[in-house]
Structures are given as C-alpha cells and as structure tokens.
Amino acid sequence: MRCGVLALQGDWAAHLAVLDRLGTAGLAVRSAADLAAVEALVLPGGESTAMLRLMEAERLDERIADRIDHGMPVLATCAGVILLARRCEPDQPSLDRLDVDVARNAFGRQVHSRVATVELAAALGPPPRLDGVFIRAPRILRAGPGVEVLGRLDGEPVLLRQGGILAATFHPELTGDLRVHRMLVDRGAHDGR
C-alpha cells in the first residue's frame, strides 16, 4: 500500500517518517497526479486556511473529498481535522466529510502547546493511554451519531473515527507511539485486498 501525506504546508515530513518506520511506502502529495497514486492519505497539521488556498490550483480539495467518498482511508491531524469538519468556529470553508463541529485553536496559542495524556478506547490496544502533543489544537464541539470516540483528554474527544476517517486533534507523529498511524495503514492494507 502507498500512503500519501498532503505536503502543501505544515508538518508533513514527520508523518512520512512515521510511515517509513511502519514499513509503508509514503509519498508527498502536492498534485492531482500524486493523489491518484496513493491508496490512503494523511492530512497533517499546519494552517488550514493556507492549505485550502494551496489546494485550489489543482482542485485537490474536490479530489480529496471525492476519494474519501469512494472509500479512501484518511488520517487527519490537528488542522487536518479542521479541513474535514462539518462546521468550524470561526467560520471557514471545509471539505465537510467528518460529522463534527470544531473550534479552531481552542486549546490556546502556540505558547500554550503541551503534551497531555490521552485516554484510549480498547480498539487501540495496550497501553490504555498515549501522549498527545497539542499545538494550537482544535476542540471538538459536537460529534455526530456516526462518529466513534477513540480517545479523550480530560473527558473531551480528541481522537475519533468515522468510517475510513481517523481524526486526531493532536499530533501523533511527534511521539514514538505508532498506533494511530498503524490504524490508518492497517485500514488501507485491508481495503486494498
């Protein structure tokens, strides 16, 4: 399986490094041709409005939405969650593929970044928690009925799954815990059979 990482802006290189550690072929996705060459996709953290602008030239937003609609597994982290959310506060365009409402930068500005313990659902296996790196992270204000919560911070959802979409409001690529990325890779490998 080949897994792409949207590489227009943000911390995409760290995701490619994690995929490499998992033995998965990774590709920096910058064009429609790159997107067509992958079976799964990571939407990394960064600046969601900047990413949306940079997607316009090749209509990557529409192409990604179409691929999600046709079953492509996706891992969205931090700003990637904002890109997929149904609604954002403050209001901004999105791909509207994840039934959540989010508040941008709700965990504070850059200086409020922190590592915090995320309590995990059994689906991720032992141990029952992981370190989550929260950098200007969005907050989940509402999760629809088809959204499964896989991880919580202080009772709030921070790791979710809806169909083939995994969404982490934190940065799993910045820790040594590979379980979140492994779920994407396993889903992509399973769907590719």
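Brief remarks follow.
- Each Lys and Arg adds +1 at its Cβ and each Asp and Glu adds -1 at its Cβ; summed about the Cα centre, the chain shows a dipole of about 240 debye.
- Net lengthening on full extension, residue 69/residue 22 (0.36 nm per residue, minus Cα-Cα): 14.3 nm
- Segment residue 148-residue 58, extension gain: residue separation times 0.36 nm, minus the distance between their alpha carbons: 29.2 nm
- Farthest positive-ward along the stretch 2-191 dipole, Cα basis, beta-carbon charges - from 160, 26, 130: 130
- Cα-Cα separations in the chain greater than 23 Å, expressed as whole percent: 35 percent
- Per-pair calculated FRET efficiency, R0 = 30 Å: residue 113 and residue 86 via Cβ, rounded to 0.05: 0.70
- Per-pair calculated FRET efficiency, R0 = 25 Å: residue 156 and residue 96 via Cβ, rounded to 0.05: 0.70
- Magnitude of the charge dipole, the stretch 41-116, Cβ model with Lys/Arg +1 and Asp/Glu -1, debye to 20: 320 debye
- Rounded to 5, the percent of DSSP beta bridges in the stretch 2-191 classed as antiparallel: 50 percent
- Per residue, the average separation of C-alpha pairs within less than 8 Å and at least 6 apart gives the stretch 2-191 a relative contact order of 20 percent.
- Over the chain, DSSP H runs of length four or greater, each weighted -39,500 (n - 2.57), average out per residue to a 222 nm ellipticity of -7500 deg cm²/dmol.
Computed from the coordinates by the stated procedures, all read-outs in this text should not be read as laboratory data. Please read all numbers here as calculations on a predicted model, not as lab measurements. We place every Cβ from the backbone using ideal geometry, glycine too, and count neighbours over all the protein chains shown.
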